[in-house]
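The values are calculated or read from the model by the stated rules, or taken from the named source; none is laboratory data. Keep in mind that what you see is a predicted model, and the values were worked out from it rather than measured. Cβ coordinates were reconstructed from backbone atoms using ideal geometry, including for glycine residues, and neighbour counts include every protein chain displayed. Just so you know, the surface numbers come from the protein's heavy atoms only, side chains and all, with ligands and any DNA or RNA stripped out. Shrake-Rupley method; radii C 1.70, N 1.55, O 1.52, S 1.80 Å.
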Amino acid sequence: MLKTDPQMQAILDQLSRFNAPSLEKLSAENARNNPTLKNAVEEMAAESAVIRSKNLVMPSMPEPVARIEHILIPTDYGEVLASVFTPEGDGPFPVIIYFHGGGWVIANLDVYEPSCRRLCNAADSIVVSVAYRQAPEHKFPAAVDDAYAALQWVLENASSLNGDPLRVAVAGESAGGNLATVSCLRAKDEGGLMPVAQLLVYPVTDSQMNSPSYTEQANAKPLNAAMMQWFWGHYLNHMSEGEHAYASPLRAPDLTGLPPTTVVTAELDPLRDEGEAYAQRLADAGVQVSTRRYEGVTHEFFGLAGAVGKAKDAVDFAVGNLRKIFNTDDNSNF
């Protein structure tokens with residue numbers, strides 16, 4: 001039996017004490033107000049600065065950054081809001097365009113703000129977090145259209161943010177990891193501008209939901225197999241759309257030409273195997289790939305760097321790879 005990291009378990013226990021209804025039984029509107037791991041950490045921090053029985057040192061909430069502003073990014077379908085996190089210093093900085101998770105249906109910029117703050121400081125980079133349109137109000141490919149438009153806009157306008165247009169990476173968690181790599185696939189297909197790197201954290205890559213980790217982690221928390229069925233059902237107009245490469249990038253016929261990629265997966269996550277399978281497909285296509293599985297942690301652990309040691313390790317791993325690309329023209333040791 002797989003063992004949960006004690007720090008991770010403490011947060012899962014707090015989440016369970018909220019006694020929230022099962023997400024897959026809710027409407028999208030109600031599901032968007034269900035508590036998250038971020039709420040669990042905030043509750044624990046409010047109760048005590050240090051929970052000694054769990055050896056869990058709580059961070060300052062939230063992690064400070066030098067500046068936060070909000071911008072509107074134009075697209076063919078209207079403007080999308082983005083939060084822009086800027087680190088200390090004069091710049092121009094590298095830029096990370098970031099897409100949040102939530103199965104294309106729930107969550108928002110606030111829920112995933114801890115990841116953005118941490119990446120901003122750790123990578124000494126501007127982070128542009130995009131509020132793409134969500135299903136079921138805006139079904140596939142609306143989120144893809146917004147992600148691609150936002151990526152192209154940032155690549156073209158990085159200097160207006162005090163960023164370096166030659167050092168722009170794309171990143172995302174879960175459904176956001178899907179949008180990050182799909183926006184690169186679309187850039188390849190349409191001759192658009194390409195970022196210098198991808199960071200994919202437990203990305204959704206396949207609508208089939210039939211990998212071994214789906215069976216092994218069918219009842220995992222905070223993400224389980226039933227929830228993924230619910231997400232896909234809300235996102236797609238009909239399930240046959242899941243065969244499209246822009247929905248299931250693992251099914252893309254050709255992955256050559258995509259930028260160097262870091263893939264982070266969690267052991268206790270139904271998405272584990274499809275993320276690792278996608279990493280292997282990229283490597284087989286000649287893409288430089290660095291991947292790492294973190295044992296004992298679950299989906300959504302990456303944003304818990306202040307409270308879970310393995311989350312900090314994962315951020316450091318990802319940022320180390322990004323820094324190699326941002327700071328040199330030679331990525332041969334990536």
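Here are the numbers for this structure:
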{"quantity": "Flag if D273 is part of a loop (DSSP other than H, G, I, E, B) and either in contact with a Pro (Cβ under 6 Å, 6 or more places away or on another chain) or among the charged types (D, E, K, R) (or both)", "calculated": "no"}
{"quantity": "Failed criterion for S22 (all others in (1) out of contact with any Lys or Arg (no Cβ under 6 Å at 6 or more places or on another chain); (2) closer than 17 Å to M227 by Cβ; (3) surrounded by 15 or more Cβ atoms within 10 Å (Cβ to Cβ) hold)", "calculated": "(3)"}
{"quantity": "Yes/no for T298 being among the polar types (S, T, N, Q), touching a Gly at 6+ places or on another chain (Cβ under 6 Å) and open to solvent by less than 20 Å² (accessible area, probe 1.4 Å)", "calculated": "no"}
{"quantity": "Count of the stretch 85-127 residues which are among the β-branched types (V, I, T) and outside any loop (DSSP other than H, G, I, E, B)", "calculated": "6"}
{"quantity": "Condition met for I68 (open to solvent by 30 Å² or more (accessible area, probe 1.4 Å), under 22 Å from the mean Cα position of the chain (by Cα), under 18 Å from V128 (Cβ atoms) and modelled with pLDDT of 95 or more)", "calculated": "yes"}
{"quantity": "Inter-residue pairs, beta-carbon under 8 Å, first closer than 20 Å to L255 by Cβ and in the stretch 233-245, second assigned to a helix (DSSP H, G or I) and of a type outside the set (S, T, Y), 6+ apart", "calculated": "G242/W232; E243/R251; H244/R251; A245/V182; A245/L185; A245/R251"}
{"quantity": "Count - residues of the stretch 95-125 that are touching a residue at least 60 places away in the same chain (Cβ under 8 Å), open to solvent by 10 Å² or more (accessible area, probe 1.4 Å) and touching a Ser or Thr at 6+ places or on another chain (Cβ under 6 Å)", "calculated": "1"}
{"quantity": "Single residue of the stretch 154-173 satisfying the filter (hydrophobic (A, V, I, L, M, F, W, C) and in a strand (DSSP E or B)) that is most open to solvent (accessible area, probe 1.4 Å)", "calculated": "L166"}
{"quantity": "Single condition Y235 does not satisfy, out of (1) at positive phi; (2) crowded, with 24+ Cβ neighbours inside 10 Å", "calculated": "(1)"}
{"quantity": "Subset of the stretch 1-16 (residues that are open to solvent by less than 70 Å² (accessible area, probe 1.4 Å) and either farther than 23 Å from N34 by Cα or assigned to a loop (DSSP other than H, G, I, E, B) (or both))", "calculated": "T4, D5"}
{"quantity": "Residues located in the stretch 197-215, provided they are under 16 Å from the mean Cα position of the chain (by Cα) and open to solvent by less than 10 Å² (accessible area, probe 1.4 Å)", "calculated": "A197, Q198, L199, L200, V201, Y202, P203, V204, T205"}
{"quantity": "Within the stretch 75-90, considering residues that are touching a residue at least 60 places away in the same chain (Cβ under 8 Å) and either of a type in the set (S, T, Y) or in contact with a strand residue (DSSP E or B) (Cβ under 7 Å, 6 or more places away or on another chain) (or both), the one surrounded by the fewest Cβ atoms within 10 Å (Cβ to Cβ)", "calculated": "Y77"}
{"quantity": "Residue list for the stretch 183-196, filter: closer than 13 Å to V287 by Cβ, part of a helix (DSSP H, G or I) and open to solvent by 20 Å² or more (accessible area, probe 1.4 Å)", "calculated": "K188"}
{"quantity": "Residue check, S207 touching a helix residue (DSSP H, G or I) at 6+ places or on another chain (Cβ under 6 Å) and hydroxyl-bearing (S, T, Y)", "calculated": "yes"}
{"quantity": "Answer from G242, G286 - the residue that is over 20 Å from V315 (Cα atoms) and more than 20 Å from the chain's Cα centre (by Cα)", "calculated": "G286"}
